[in-house]
Amino acid sequence: MTAPAIKVRNLHKNFGSAKVLDGIDVDLRPSEINFIIGQSGGGKSVLLKHLVGLMRPDSGEIWYGDREMAKSGEKQWAAVRRKLALLFQDGALFDSMTVGENVGFPLWIHRKAGRAEIEKKALARLDELDLKQAFNLRTSDLSAGERKRVALARALILEPETLFFDEPTTGLDPLLSEQVDELIKLTLEHAKATLVVVSHDIPAALTLADNISMIYGGRVLLSGSPAEFRRSRDPVVRQFLTGEAEGPMGFLD
Amino acid sequence: MPSEPSGLLALIAKIGAATLETLYHLGNYSILVFKAILGAFVPPWRLRGVFRQMEVVGADSIFVVILTGFFTGAVFTLQVIYGFRMFSAESLVGPTVALGMCRELGPVLTALMVTGRVGSSMAAELGAMRVTEQIDALTVMAADPVKYLISPRIIAGLIMLPLLTAVSDFTGILGGYIIAVAKGVDPGQFIARIQDNVVLSDIFNGLIKSGAFGVILSSVGCYMGFYTKGGAEGVGRSTTKAVVISYVSILVSDFIMTAIMF
Ligand SMILES: Nc1ncnc2c1ncn2[C@@H]1O[C@H](COP(=O)(O)OP(=O)(O)OP(=O)(O)O)[C@@H](O)[C@H]1O
Ligand SMILES: [Mg+2]
């Protein structure tokens, strides 16, 4: 087996007295779809923010290859961030810009190309996602599903090695969810990137993932393939997969 | 559980906590301003962003600056004429109004007006970007949000406030002139006495003060917006705080600078 692209070891994070991350260990595999699942409020987004350096842990390690990042400064993080992209739950599109400017922004800010070329590339990205006609629209004129696709186009434009998704399908209707799932698959085929998807969409995880890590009580309860999850006898895992209200986890959202 | 302190002790604890909080914000604010100024000097430069902000500052406030300047000069002249007539010192109305506008009223009133229009909207804009994770998005793209968002706004404040203040000085003296002439002051004397008594450093020091006010109102607006917490409601709170804190800082720093300069 190849070495993990990102390795998290014994990661701890408290907010006041709440232990949100209480010793997380995760391996994220290169060029695979890695799902991180867990209850609402279980710390998935917090973990994701640690993985991109938006939050710093109380203790623990985050390895990108052979670089330990948890104690690194902004300079080192900036270097790592040039090779990753994060799709925020609500898109985090810049609403002072048009759709096209949003998609081209990473190229512009890093001076990767001239104006004309940036526009061409942005248009091509949007076209791939069937959004060419939105190029000159303001972001406020987009639907939720379109926002997600624009955000994906923006995330893909620098061809990141690692792509993080925070709840890509939450809040979308079933048809759109399916489209987004399709996009995730397409992304992997096109970009050969390492994908990290945070979600509580169990069916999507079971069908799309190469491996799944389930967070429970601030730790990783189970890591494995979808098949291993289906076989698991752990009552918490069973309850989460079947979505029953009664069980060791208490009420699900 | 430790018992709550009561009476005097509670008061001291409260004052202590408030002091610590203020010191924390002062420190944090200084770091942000330092980074923003540093960001303005380190390449790559983004002049287009600066020009855009200058345009915003200028376009948003030029009209209200002209209005306040004009009427301040006018009403100030009314009062001065009333007072000076008692001592038959009407010939000094011109220089008094001009000095008042250039040294004090122009810079301060312009800064207060621009704070209301521009400082508040900087806080609201950055606050909205914070709560919708646009600032986090910039960070994850390895684009320094301080350099990209705050540096151009502070530079725009530094450059535009003196320009707007010069406009305010001019319209204020114009307003004063019109009132003075209407009240029977000799127009030639009004101008001539200004030329005799107002030196360039009067105007200059006022403009320097206004540059400092420009930095204050833009940096406070940006600081409040940048560290907004708590959703849309938080954006509203940041905006109000930005205005109040800028007002107080402008008036206090005006006193200090005036004491040093004149
Ligand atoms: N900046 C913060 N300050 C204090 N507490 C926080 C902060 N961020 C997150 N938390 C807390 O950490 C816990 C985990 O939050 P997180 O957003 O990671 O959950 P999640 O697993 O992503 O849930 P969801 O599936 O609903 O998005 C929550 O109880 C939340 O209140
Ligand atoms: Mg979340």
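The values are calculated or read from the model by the stated rules, or taken from the named source; none is laboratory data. If you're wondering where the values come from, they're calculated on a predicted model, not measured in any experiment. Neighbour counts run over all protein chains shown; Cβ positions are idealised from the backbone, glycine included. Please note that ligands, DNA and RNA were not included when accessible areas were found on the heavy atoms of the full protein model with its side chains. Shrake-Rupley method; radii C 1.70, N 1.55, O 1.52, S 1.80 Å.
At-a-glance table
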item: Enumerated helices (runs of 4 or more DSSP H) restricted to the range B:1-115, each holding at least 3 residues that are touching a residue at least 40 places away in the same chain (Cβ under 8 Å), open to solvent by 20 Å² or more (accessible area, probe 1.4 Å) and within 30 Å of residue B:157 (Cα to Cα); result: B:7-41, B:47-85, B:106-114
item: From the options B:128, B:137, B:124, B:142, residue that is under 30 Å from residue A:52 (Cβ atoms), in a loop (DSSP other than H, G, I, E, B), of a type in the set (Gly, Ala, Ser) and within 14 Å of chain A (Cβ to nearest Cβ); result: B:142
item: Those residues of the range B:226-243 which are assigned to a helix (DSSP H, G or I), under 21 Å from residue B:31 (Cα atoms) and either open to solvent by 40 Å² or more (accessible area, probe 1.4 Å) or acidic (Asp, Glu) (or both), in sequence order; result: B:241
item: Test: residue A:135 is modelled with pLDDT of 90 or more and within 17 Å of residue B:144 (Cα to Cα); result: no
item: Enumerated helices (runs of 4 or more DSSP H) restricted to the range A:42-151, each holding at least 1 residues that are within 14 Å of another protein chain (Cβ to nearest Cβ), of a type outside the set (Ser, Thr, Tyr) and within 16 Å of ligand 2 (Cβ to nearest atom); result: A:44-51
item: Condition check for residue A:20: open to solvent by 20 Å² or more (accessible area, probe 1.4 Å), of a type in the set (A, V, I, L, M, F, W, C), within 14 Å of ligand 1 (Cβ to nearest atom) and farther than 21 Å from residue A:194 by Cα; result: yes
item: Residue in the range A:35-48 that is among the β-branched types (Val, Ile, Thr), farther than 27 Å from residue A:236 by Cα and free of Cβ contacts under 8 Å to residues at least 60 places away in the same chain present; result: no
item: In the range A:155-180, the residues that are within 15 Å of ligand 1 (Cβ to nearest atom) and within 14 Å of chain B (Cβ to nearest Cβ); result: A:164, A:165, A:166, A:167
item: Search result, residues across the range A:183-207 that are away from ligand 2 (no atom under 16 Å from the Cβ) and part of a helix (DSSP H, G or I); result: A:183, A:184, A:185, A:186, A:187, A:188, A:189, A:190, A:191, A:203, A:206, A:207
item: Filtered residue count, the range A:80-96, keeping only those that are open to solvent by 20 Å² or more (accessible area, probe 1.4 Å), within 16 Å of ligand 1 (Cβ to nearest atom) and more than 15 Å from residue B:139 (Cβ to Cβ); result: 2
item: Qualifying residue in the range A:36-57 (condition: farther than 23 Å from residue A:181 by Cα, more than 11 Å from ligand 1 (Cβ to nearest atom) and surrounded by fewer than 18 Cβ atoms within 10 Å (Cβ to Cβ)); result: yes
item: Residue that is open to solvent by 40 Å² or more (accessible area, probe 1.4 Å), modelled with pLDDT of 90 or more and either touching a strand residue (DSSP E or B) at 6+ places or on another chain (Cβ under 9 Å) or in a helix (DSSP H, G or I) (or both), where the choices are A:163, A:221; result: A:221
item: Enumeration of residues in the range B:205-225 that are of a type outside the set (Val, Ile, Thr), crowded, with 24+ Cβ neighbours inside 10 Å and under 26 Å from residue B:256 (Cα atoms); result: B:206, B:209, B:210, B:213, B:214, B:217, B:218, B:219, B:221, B:222, B:223, B:224
item: Residues within the range B:54-76 that are of a type in the set (S, T, N, Q) and either modelled with pLDDT of 95 or more or in contact with a Phe, Trp or Tyr (Cβ under 6 Å, 6 or more places away or on another chain) (or both), tallied; result: 2
item: Search result, residues across the range A:143-157 that are surrounded by 20 or more Cβ atoms within 10 Å (Cβ to Cβ) and either at pLDDT 90 or above or of a type outside the set (D, E, K, R) (or both); result: A:150, A:151, A:152, A:153, A:154, A:155, A:156, A:157
item: Which listed residue, of B:186, B:202, is open to solvent by 60 Å² or more (accessible area, probe 1.4 Å), touching a residue at least 24 places away in the same chain (Cβ under 8 Å) and more than 14 Å from chain A (Cβ to nearest Cβ); result: B:186
item: Residue A:39, sole failed condition from (1) modelled with pLDDT under 90; (2) within 16 Å of ligand 2 (Cβ to nearest atom); (3) within 22 Å of residue B:136 (Cβ to Cβ); result: (3)
item: Subset tally (residues that are touching a Pro at 6+ places or on another chain (Cβ under 6 Å) and farther than 14 Å from residue B:216 by Cβ) for the range B:155-172; result: 0
item: Residue in the range A:152-174 that is nearest to ligand 2 (Cβ to nearest atom), counting only those that are within 12 Å of residue A:193 (Cα to Cα) and hydrophobic (A, V, I, L, M, F, W, C); result: A:164
